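The values are calculated or read from the model by the stated rules, or taken from the named source; none is laboratory data. All values reported here derive from a predicted model rather than from experimental measurement. Cβ coordinates were reconstructed from backbone atoms using ideal geometry, including for glycine residues, and neighbour counts include every protein chain displayed.
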Amino acid sequence: MKFFLTFGFHLKNLAMLVKDLNYYVKFVFNIENSEENFATSDIIALKEFTQNSSFKIGDIIETANLKVKIKDISLKQVDETVRSNQYGINLKGKEGDMQGDLKDSLLTINILVEQLS
């Protein structure tokens with residue numbers, strides 16, 4: 001029994017936190033009928049934007065100053081190489097600054113939202 005407890009303790013210490021990874025998923029939240037967006041490849045910035053841990057069409061997301069409803073979700077840039085992120089692209093093709101620590105992305109998840117308030 002002592003071996004199991006010791007082994008389990010060591011496995012827990014080996015777990016890596018997402019914030020410590022060099023690569024992550026790039027999230028881009030585009031606000032419909034607006035040139036604003038929120039883009040990040042940093043889990044800390046994502047959690048500051050929303051406390052949601054999953055995203056489905058129809059979900060309501062509340063941030064510090066915004067309430068939005070998810071209208072569509074799409075995946076982009078599912079490639080064999082990672083992408084160096086410098087900008088988040090909004091629906092009109094304009095570039096916005098990435099939020100948080102800049103990390104290379106494995107793929108991009110675009111989330112189209114409708115502003116409710």
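If you go through the range 34-79 and pick out every residue that is touching a helix residue (DSSP H, G or I) at 6+ places or on another chain (Cβ under 6 Å) and of a type in the set (Phe, Trp, Tyr), you end up with 1.
Has the range 23-44 got at least one residue that is of a type in the set (A, V, I, L, M, F, W, C) and at pLDDT below 80? Spell out how you get there, then give the answer.
Start the filter on the range 23-44 by keeping residues that are of a type in the set (A, V, I, L, M, F, W, C), which leaves 25, 27-29, 31, 38-39, 43-44.
If we keep only those that are at pLDDT below 80 too, we end up with none.
No, there is no match, as no residue in the range 23-44 is of a type in the set (A, V, I, L, M, F, W, C) and at pLDDT below 80.
Could you check how many residues of the range 32-74 are farther than 11 Å from residue 100 by Cα, surrounded by 15 or more Cβ atoms within 10 Å (Cβ to Cβ) and among the acidic types (Asp, Glu)? Of the residues in the range 32-74, 1 are farther than 11 Å from residue 100 by Cα, surrounded by 15 or more Cβ atoms within 10 Å (Cβ to Cβ) and among the acidic types (Asp, Glu). Number of residues in the range 39-61 that are part of a strand (DSSP E or B) and either touching a Leu at 6+ places or on another chain (Cβ under 9 Å) or polar (S, T, N, Q) (or both) equals 2.
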